[in-house]
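None of the figures in this text is laboratory data; all of them are computed from the coordinates on show. Just so it is clear, the structure is predicted and the values come from calculations on it, not from any experiment. FYI the Cβ positions are ideal-geometry reconstructions off the backbone, even for glycines, and counts take in every protein chain you see.
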Amino acid sequence: MRLQDIQAKLGGEAIGEAAEPLTGVGTLEAGRAGQVTFLANPRYRAQLKTTRASAVIVGENDRDATPLPRIVAANPYAYFARVAQLFEAPRKAQAGVHASALVHAGAVLHPSARVDEFASVAEGAVIGAHAWVGAGCVIGEGARVGEYTRLMPRVTVYARCEIGRRGLIHSGVVIGADGFGFAPDFRDDGGAWVKIPQTGRVIIGDDCEIGANSTIDRGAIEDTVIGNDVKIDNQVQIGHNCTVGDHTVISGCTGIAGSTRIGRRVMMGGASGAIGHLSICDGAVVSAMTLVTKSITEPGMVTGSLPHMKHADWLKNIVHVRRLDDLANAIKKGKS
Amino acid sequence: MRLQDIQAKLGGEAIGEAAEPLTGVGTLEAGRAGQVTFLANPRYRAQLKTTRASAVIVGENDRDATPLPRIVAANPYAYFARVAQLFEAPRKAQAGVHASALVHAGAVLHPSARVDEFASVAEGAVIGAHAWVGAGCVIGEGARVGEYTRLMPRVTVYARCEIGRRGLIHSGVVIGADGFGFAPDFRDDGGAWVKIPQTGRVIIGDDCEIGANSTIDRGAIEDTVIGNDVKIDNQVQIGHNCTVGDHTVISGCTGIAGSTRIGRRVMMGGASGAIGHLSICDGAVVSAMTLVTKSITEPGMVTGSLPHMKHADWLKNIVHVRRLDDLANAIKKGKS
Amino acid sequence: MRLQDIQAKLGGEAIGEAAEPLTGVGTLEAGRAGQVTFLANPRYRAQLKTTRASAVIVGENDRDATPLPRIVAANPYAYFARVAQLFEAPRKAQAGVHASALVHAGAVLHPSARVDEFASVAEGAVIGAHAWVGAGCVIGEGARVGEYTRLMPRVTVYARCEIGRRGLIHSGVVIGADGFGFAPDFRDDGGAWVKIPQTGRVIIGDDCEIGANSTIDRGAIEDTVIGNDVKIDNQVQIGHNCTVGDHTVISGCTGIAGSTRIGRRVMMGGASGAIGHLSICDGAVVSAMTLVTKSITEPGMVTGSLPHMKHADWLKNIVHVRRLDDLANAIKKGKS
């Protein structure tokens, strides 16, 4: 592949041509001959001088920042992503059910779908065209996997849950386990928790990616609903009856309690959280390790983490947090 | 089913009768004809006027708050939970071992137990009456699964661990992996961590539910012990040698370090935590994203999270946390 | 086994001899006749008087602190760990591939390796001598498992990832899922996230242990690299392109964002975190639930958690965090 070929496929303006055939992508710092790299963050501009990559994708502002063969693109990072996709061997599901897989009677598989070894597809489940169910996956009764969606090995989809088209679900994901719902029924002389049957579903839109070991619980009565083009990182937990809007991104280790309504194009930072029954509006950005305890009603970033300090400094300072009210009162009195 | 039938089974006082047969449960907000709903939280009382559900469960205080056919119950939420259970199709384990499952010689299965496809039950394991081992589960040597306990697909129970009766263990749960125990053995010229063999077990009581992808480690020498009627949400981690008392509830993403002793009817909020070797007394409530660093000795709620604020406000304010000791000293001087 | 036998194998100085054969290890508090215990933490010295264990490992300082048969060792905790290992039945992988396992054509298994039921080993994968692939594991194309490494049941190793020698990987671990990388490509009239193909690998050194349900993502372009003798607890998430130095320990529920560089002998506390693209130097210690937001450049402990308090106190005090800047200004004015 040459720079001209890339331009022909993806647009942009090619300036110069790589001396050697292009065989893949690399970083500015570690890129080698034959690789295409990119500059999106001006912080790394100096690396343009030292990179050994053969070509680079740059933005309009950097059009003349390098003599390297280059493509000028409006969004160099997204352009680079598409270039990387060009170099990726397409992983098309080879149609067919492995001899060791178990497709229960009453499951409906499109002839172009693929089901790998030790996977199990229950009665009434529907696997769409070109969908790929990886090794050891378990697809519950009446669940649906949309066309071109790929489940990596060892994914569980509980009964009646649905995943849209072109999704990518990583290993260990559990879709549709019971939400955490119990009614307390204690009296002085005993009692116990009474389980609320979780009879809703999980409905996931198109073009979603869900990271390894993440979990999305089914709704208690109504459904848990994930929009389109939602990207969820690893080890994320989404409670029952949440809704997540289109294009929202949720970073790893985040926990969303039940009935939270997350808008469109929200960004939840790593290990962030939301207590339940609140709303996070479109365009909100929640910083890492920040707990959302009240609804967020305007876009922009909210933060609630404590900066780390040397432990000795922390010991000295943090003790005053328990006395802030006294301090504030002392100041008030000092002023009056 | 009619309201009278429900009352006959579950008690309470029925007032009026639904116009149509009852076919399920719903929410006040989205309930439809044929559904039973409930009012437990007075905040939603206004919805009594607009609900399209056919009947409602209410508390004594709301006996006259609606003309709808209703049942008056002492605990309407718990009553509703039981109504919902009535409508749930009973999922009784159909006895039998799937042809593809692997039951090793020396495993003891009750004739009424069920073992699904690709599940593996090791030598010496005991599966109780009506227990249900889901697809792809792995039951280690000498492990025990109590009667009527259901393991959803892809659960691992390590060797010699025990789960009581009527439990529900969701997909991806790992019971009895090694606790995190290593002795440092470093010298100036090298060294390494020395593993402490984790030879204890995990013992789980009756009526417990454990959420998807949660993990409970086996004890180092003594056992990790979970009481009866303990409810654990998704992605919870419980370290080696912890004990958890009866009726305790642990919300999602919580991490409990080793040798923590948690009492009865404790409630751990989402993403909360406890550093090890401390006690949390009966009836304690730990807020979301709160880290317990000292033993809790009286019931009631403790909190240690930082409220989120606009990022600009956070930048302006949080910098002073590192200077709290200086501020406190300045106030002291100002007052002297 | 007698105390003399232990000394012969592990060194140290034996004083006295146990009255009965030694059959295992125990704690000071709960140890029984026939068990060996240890004292490493002086806090527990009083238990030396009451223990019913038959022998004890002590440090030089405690040589004369007990009349019990004992071994005096420089590092009693590490010595004890080795004693416990002596008593552990060696779990050698019995060579062989279970009849139900699926080893794809082109996989290379050492004759001494073991592959259990329902495990799947893809084309080009290499399983080393005495390695043990547990039930239900899925080993991707071209992945490598080093000699004597044991994968407990239900581990996924994605294509081309590598695990060194003598490793122990617990159930539910996912090695090499895609890193979380998407380029935003939104315009006023729409758009979507564009996936950055994750083409790097995960490379894990020798003597590593990885806890249940932990996840380590493959690199975007370059690799994610874990050193030797790294110990990772349960439910840890390590993002793409991270590097982790030798002997580092990462406690449960910790999340490390992408491209973080963690040094040697670092200790990450439970539920700690690091935002990406920063460095944590050799010997740094990060407290539990502390978020690292800037590079750490000197060894020692950093902390950034908020202590828990009674909820009423928290309500009263925490409100002032949002006003710290005002308080600080009030003090300044008061002083001027």
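Quick look at the numbers
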{"read-out": "Charged-residue dipole, Cβ positions (Lys, Arg, Asp, Glu), segment B:96-302 about Cα centre, Debye nearest 20", "value": "220"}
{"read-out": "Full-extension gain in nm, residue C:123 to residue C:310, via 0.36 nm per residue minus C-alpha separation", "value": "61.5 nm"}
{"read-out": "Mean separation of Cα contacts under 8 Å (6+ apart) over length of chain C, as relative contact order %", "value": "7"}
{"read-out": "Under 5 Å, built H, 5+ apart or other chain: amide partners of residue A:207", "value": "A:165, A:166, A:167, A:229"}
{"read-out": "Within segment A:8-35: backbone nitrogen closer than 13 Å to the residue C:187 label point (7 Å, Cα to C-beta)", "value": "A:11-12"}
{"read-out": "Amide proton proximity set for residue B:219, modelled H, under 5 Å, gap of 5+", "value": "B:200, B:201, B:202, B:224, B:241"}
{"read-out": "The protein assembly as shown: Cα Rg divided by the 2.2 N^0.38 Å rule of thumb", "value": "0.96"}
{"read-out": "Per-copy distances of the residue A:188 label point, shortest first, in nm (7 angstrom along Cα→Cβ)", "value": "7.0, 7.0"}
{"read-out": "Computed [θ] at 222 nm, deg cm²/dmol, chain C (DSSP H ≥ 4; -39,500 (n - 2.57); rounded to nearest 500)", "value": "-3500 deg cm²/dmol"}
{"read-out": "Magnitude of the charge dipole, segment C:152-240, Cβ model with Lys/Arg +1 and Asp/Glu -1, debye to 20", "value": "300"}
{"read-out": "DSSP beta bridges in the protein assembly as shown [antiparallel fraction, %, rounded to 5]", "value": "15"}
{"read-out": "Extension gain, residue A:297 back to residue A:20 (0.36 nm per residue minus Cα-Cα distance, nm)", "value": "94.4 nm"}
{"read-out": "Charge dipole of the protein assembly as shown about the Cα centre (unit charges at C-beta), most positive-ward option of C:25, B:302, C:158", "value": "B:302"}
{"read-out": "Surrounding net charge for residue A:234, when Lys and Arg each add one and Asp and Glu each subtract one, Cβ distance under 12 Å", "value": "-2"}
{"read-out": "Sequence ranges A:202-211, C:279-288, ranked by mean other-Cβ count within 10 angstrom, highest first", "value": "A:202-211, C:279-288"}
{"read-out": "Where trypsin sites (Lys or Arg not before Pro) fall in DSSP loop in segment A:23-91, at most 12 other Cβ within 10 Å", "value": "A:63, A:91"}
{"read-out": "Counting DSSP beta bridges with both ends in segment B:182-336, the antiparallel % (nearest 5)", "value": "15"}
{"read-out": "From phi via Karplus (6.51, -1.76, 1.60), per-residue ³J(HN,Hα) for segment C:271-282 in Hz, x at Gly/Pro", "value": "6, 7, x, 9, 6, x, 6, 9, 10, 10, 6, 3"}
{"read-out": "Taking segment A:91-161 and dividing mean pair separation by its residue count, relative contact order in percent (alpha carbons under 8 Å, at least six apart)", "value": "26"}
{"read-out": "Integer Hz, Karplus 6.51/-1.76/1.60 couplings in order for segment A:183-191, x for Gly and Pro", "value": "9, x, 9, 9, 10, 4, 9, x, x"}
{"read-out": "Simple Cβ-charge dipole of the protein assembly as shown, Lys/Arg +1 and Asp/Glu -1, about Cα centre, in debye nearest 20", "value": "2440"}
{"read-out": "Greater than 30 Å apart at Cα, pairs in A:49/B:316; A:92/C:231; A:9/A:231", "value": "A:49/B:316; A:92/C:231"}
{"read-out": "Ascending list, in nanometres, of distances separating the residue A:5 label from those of the other copies (7 Å, Cα toward Cβ)", "value": "6.8, 6.9"}
{"read-out": "Note, ³J(HN,Hα) from phi for segment B:105-115, Karplus 6.51, -1.76, 1.60, rounded to Hz, x at Gly and Pro", "value": "4, x, 7, 10, 10, 5, x, 8, 6, 10, 10"}
{"read-out": "Amide H within-cut-off set for residue B:38, under 5 Å, with H built and near neighbours excluded", "value": "B:28, B:57"}
{"read-out": "Per-pair calculated FRET efficiency, R0 = 56 Å: residue C:4 and residue C:329 via Cβ, rounded to 0.05", "value": "0.15"}
{"read-out": "Rounded to 5, the percent of DSSP beta bridges in segment A:96-302 classed as antiparallel", "value": "10"}
{"read-out": "Leading residue at positive end of dipole, segment B:3-87 (Cβ point charges), from B:74, B:55, B:42", "value": "B:42"}
{"read-out": "Label spacing, shortest first and in nm, from residue A:141 to its equivalents in the remaining copies (7 angstrom along Cα→Cβ)", "value": "3.7, 3.7"}
{"read-out": "Dipole of segment B:165-224, positive direction: furthest Cα of B:191, B:167, B:204, with charges on the beta-carbon", "value": "B:167"}
